Amino acid sequence: MRILLAVWGVAGLWVSLRAQTHVMLRDSVPMFWIKGNAFYTPDRRQLLYILKGNIFFTGESDSRENIYLYGTSLNPFDKKKNTLYLRNQSKPVLTYASGVFYAIPTDADPDNRNNEVLRVQRSGKWLAFYASYNDSLLAYYAADSAPPAAAILVAFALAERYDLLKNITNNTNTLPPARPAFSTLRPLWGNTTAREWIWDGRLLRPRWNNNPFLAWTFDGRYIKPYMGNNIYEEYEWDGEYLRPVWRSNRQFEWQWDGRIFKPVWDTDWKNQYTIANGTVKPWSNVHTEREWVIEGDFPLPLIIMVVSGAARSE
């Protein structure tokens, strides 16, 4: 999968106090919410880190004891090799240059020929992160809505989340768990077989119906019918809103606020959904007939397509 990515700010230093964005994991579940130089939990309620100069601090204070990460430069696309340090440790945790992050060579493997950890790529609106060992997408966000240094924090967080750094620096053959061959979404109740959906990383389709006219493609931003060229059936996902691209249809405009996805123009509680522990269910908690079960990494915008009825199984 490839995501279209975004051009950097002026001289690599542009920051707007009004800029804000969600960092989305590969399954479109949010990882951080960024506002200016502040990094929050996805629900925007808890401040995690602040950026000042070349240092990320935990919480609101920039006192010495709150130092979290710091680097010789926080421009991930700097052609010169830079080094990243964790807290007050003297030994660096990563090096990076030209959008590629590397593990630090070990005594057992001083050359560390396979020390590439992950890559950052940009073009258009998006910035995306890929695991180097298998070229799989890890996360993405709108690059013009965050300072350039955000990529440093996100890269380190991803390396920790997927054990990329640990596995390489320990010089083992262990790799992060591979994504399942496919992911599924099915109703908890009712005719689960007829309404079960499958996502294989390329196509969204009913699991037990191979009609190609019911399948959809998704490239991280646009959702399109697999067959046919009806542009009025195309949808766009920007990390917060899912909307038809070429038509105005309020019924199929949905929003994700970090906790709940819901129709933009509908306040009915039964259509406001949460996702937790592999279950999609109405926020009101009284409409169990509308619950769905997720197995694997199912992208959020595709969940919305199915739950909203925009994607039909027959």
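The values are calculated or read from the model by the stated rules, or taken from the named source; none is laboratory data. Quick caveat: nothing in here was measured; it's all calculated off a predicted structure. Glycine gets a Cβ as well: all are built from the backbone with ideal geometry, and neighbour counts include every protein chain shown. Protein only, heavy atoms only, side chains kept; ligands, DNA and RNA dropped before computing areas. Shrake-Rupley method; radii C 1.70, N 1.55, O 1.52, S 1.80 Å.
Extension gain for ALA97 to THR217 (0.36 nm times residue separation, less C-alpha to C-alpha distance): 39.9 nm. Listed by chain and number, the lysines placed with their C-alpha closer than 16 angstrom to that of LYS52 are LYS35; residues fewer than eight positions away on the same chain are left out. For the range 19-76, applying the loop criterion from DSSP together with a ceiling of 13 other beta carbons within 10 Å to the trypsin sites (Lys or Arg not before Pro) yields ARG45. Under 19 Å of direct C-alpha separation, and excluding same-chain neighbours fewer than eight residues apart, LYS81 reaches these aspartates and glutamates: ASP111, GLU116.
Taking square-rooted eigenvalues a ≥ b ≥ c of the alpha carbon gyration tensor, is the range 195-314 rounded, prolate or oblate, where a/c under 1.5 means rounded and, failing that, a/b exceeding b/c means prolate? Cα axes put the range 195-314 in the oblate bin. With both labels modelled 7 Å from their Cα along Cα-to-Cβ, the GLU314 to THR193 distance reads 1.2 nm.
Here the relative contact order of the range 211-308, from alpha carbon pairs under 8 Å that lie six or more residues apart, stands at 13 percent.
Computed on protein heavy atoms with a 1.4 Å probe, the accessible areas place ILE55, ILE50 in the order ILE55, ILE50, largest first.
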